[in-house]
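Okay, so here's the structure we're looking at.
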Amino acid sequence: MRALPVGDDALLVELDSGAQAQALHAELLRRRAEGALAVREIVPAARTVLLDGLADPARWASELTASVVPPAPPRAREAVELPVRYDGPDLAGVAAHWGVSEREAARIHAGTEFTVAFCGFAPGFGYLTGLPARYDVPRRATPRTSVPAGAVALAGPYTGVYPRSSPGGWQLIGSTEAVLWDHARVPAALLSPGDRVRFVPVGDA
């Protein structure tokens, strides 16, 4: 673990893995909830956690790098279930990459419980982990200029759902009608870091 100063009142903590970043994020949220940590924002990413709004960043840098972070506990709330049709244009390619049929690829994906590791790219977009490393897939060689909202996609170790239409280079394996981002909803994002997520097949999948 390495803590780097960012401006006058923030730290960027670098870790060796996504699992360690998730564990640190959960621990920092626990400390803030107990009143042991005064911080404005705690923002996880793939292998970093940003703490913004610290009164004494140097003290926290020393304390964090010397501490042992316990594994992230499971979220108490029920898993978020997203209905999905496994009808994506890249499903056949993903299945071939995995060495299975399209139906089996859908079964593998739907049979996995995912965790939101972090959010980014677009409001409401969560980077979901859970598939074993053997199911990592490369991004498309040529990104699409437009991916529809609700597209369920894979890239590297992650699954994601596009909350709105945008360019994208992920492999599209399905679609959902779930609304990932709604500014009139509280909270606006359906998914947040640490949430458990399951994809529930609908239709002929």
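The set of residues in the stretch 106-118 that are part of a helix (DSSP H, G or I) and either open to solvent by 60 Å² or more (accessible area, probe 1.4 Å) or touching a strand residue (DSSP E or B) at 6+ places or on another chain (Cβ under 7 Å) (or both) comprises 106, 107, 109, 110.
Considering only residues that are of a type in the set (A, V, I, L, M) and within 18 Å of the chain's Cα centre (by Cα), look in the stretch 63-107 and name the one that is farthest from residue 16 (Cα to Cα).
So the residue we want is 84.
Inside the stretch 122-162, residues that are more than 12 Å from the chain's Cα centre (by Cα) and among the β-branched types (Val, Ile, Thr) make up a count of 5.
Just to be sure, is residue 79 under 26 Å from residue 166 (Cα atoms) and out of contact with any helix residue (DSSP H, G or I) (no Cβ under 9 Å at 6 or more places or on another chain)? So residue 79 does not fit the description; no. The criterion of at least 1 residues that are touching a residue at least 40 places away in the same chain (Cβ under 8 Å), open to solvent by less than 60 Å² (accessible area, probe 1.4 Å) and in contact with a strand residue (DSSP E or B) (Cβ under 9 Å, 6 or more places away or on another chain) is met by the following strands (runs of 3 or more DSSP E) wholly inside the stretch 119-160: 126-129, 151-155.
So which residues in the stretch 162-174 are out of contact with any helix residue (DSSP H, G or I) (no Cβ under 9 Å at 6 or more places or on another chain), in a strand (DSSP E or B) and surrounded by 22 or more Cβ atoms within 10 Å (Cβ to Cβ), if there are any at all? Outline the logic, then answer.
Initially, the stretch 162-174 is screened for residues out of contact with any helix residue (DSSP H, G or I) (no Cβ under 9 Å at 6 or more places or on another chain), giving 162-170.
Now restrict to residues that are in a strand (DSSP E or B): 166-168.
Residue satisfying the conditions is 168 alone.
For the stretch 8-20, a residue qualifies if it is of a type in the set (Gly, Ala, Ser) and at pLDDT 90 or above, and exactly one does: 10. Can you name the condition, by its number, that residue 73 falls short on among (1) touching a Lys or Arg at 6+ places or on another chain (Cβ under 6 Å); (2) modelled with pLDDT under 90? Answer for residue 73: the failing condition is (1). Name every residue in the stretch 179-205 that is surrounded by 18 or more Cβ atoms within 10 Å (Cβ to Cβ), assigned to a loop (DSSP other than H, G, I, E, B) and aliphatic (A, V, I, L, M), in order of residue number. 180, 190, 191, 205, listed by residue number.
The values are calculated or read from the model by the stated rules, or taken from the named source; none is laboratory data. This one's a predicted model, so the numbers in the text were calculated from it and none came from an experiment. With ideal geometry, Cβ positions are generated from the backbone for all residues, glycine too; neighbour counts draw on all protein chains shown. Heads up: the accessible areas ignore ligands, DNA and RNA and are worked out on the full protein's heavy atoms, side chains in. Shrake-Rupley method; radii C 1.70, N 1.55, O 1.52, S 1.80 Å.
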